[in-house]
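What follows is a short report on a single structure.
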Amino acid sequence: MTTSTLQRAMPTELQVLVWSGQLRKTTFYEYSAIRLLSNAVCCVRNAKNRDFSAMGRFFMANEGIHSLCLGVLYLHGLLPTGLVGHRSMTMQVGCEQMHLPHALRDQILYANTHRELISYGSTEPVEEDEASHLTVLGDAAITQARYVFPDWFM
């Protein structure tokens with residue numbers, strides 16, 4: 001029984017991910033859903049601040065998109081189990097649940113792969129245009145989430 005108007009029913013594609021052990025059911029708290037959305041909006045907004053380095057802005061925008069996608073899963077009463085690749089899976093499934101165009105989803109996943117390479121030792125730089133583009137993608141994802149889950153934004 002749901003005590004919140006925010007929690008969504010679990011679609012079949014998410015049930016399959018629970019069955020496969022990639023997602024797990026969790027207790028839903030409205031406050032936690034709102035906190036994940038707030039984190040997403042704040043991170044993407046902060047990524048626009050040119051006082052930070054391109055790499056810092058890139059990481060903030062990526063973290064914002066991840067928080068948004070995690071929130072989308074959480075709206076269905078789910079969280080990742082922490083298996084290898086859970087961050088990418090969270091972002092992919094979150095984008096799909098928001099009905100983002102495939103081109104935007106693929107760009108977000110590519111940026112996340114770049115973030116993982118940097119996090120695990122690559123010396124590959126982040127260019128200013130990459131940080132700016134990821135911020136634009138973050139804004140697009142938030143706008144789409146507002147369309148698909150309007151009551152989450154109230």
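The values are calculated or read from the model by the stated rules, or taken from the named source; none is laboratory data. Please read these numbers as outputs of a predicted model, since none were measured by experiment. Note that each Cβ is placed from the backbone with ideal geometry, even for glycine, and that neighbours are counted across all protein chains shown. We work out accessible area using only protein heavy atoms, side chains counted, and drop any ligands, DNA or RNA first. Shrake-Rupley method; radii C 1.70, N 1.55, O 1.52, S 1.80 Å.
Structure notes:
- Screening the chain for whole DSSP H helices of 15 Å or more along their axis (Cα) with average Kyte-Doolittle hydropathy at least 0.5 returns 54-75.
- For residue 26, distant residues with modelled amide H under 5 Å away: 78, 79
- Overall form of the stretch 62-111: oblate. Here a/c, set by the Cα gyration tensor axes a ≥ b ≥ c, is 1.5 or more, and a/b is not larger than b/c.
- Charge tally in the Cβ shell below 11 Å around residue 81, where Lys, Arg are +1 and Asp, Glu are -1, residue 81 excluded: +2
- Net lengthening on full extension, residue 27/residue 154 (0.36 nm per residue, minus Cα-Cα): 43.6 nm
- Per residue, in Å², the accessible surface of the chain once ligands and nucleic acids are set aside, probe 1.4 Å: 54
- Prolate/oblate/rounded call for the stretch 48-154, Cα gyration tensor, a/c under 1.5 rounded: oblate
- Whole-number Å³ per residue for the convex hull built on Cα positions in the stretch 4-56: 125
- Our Cα-only numbers for the stretch 1-99 put the radius of gyration and Dmax at 14.3, 47 Å.
- Surface share of carbon and sulfur [accessible, 1.4 angstrom probe, percent] for the stretch 14-152: 58
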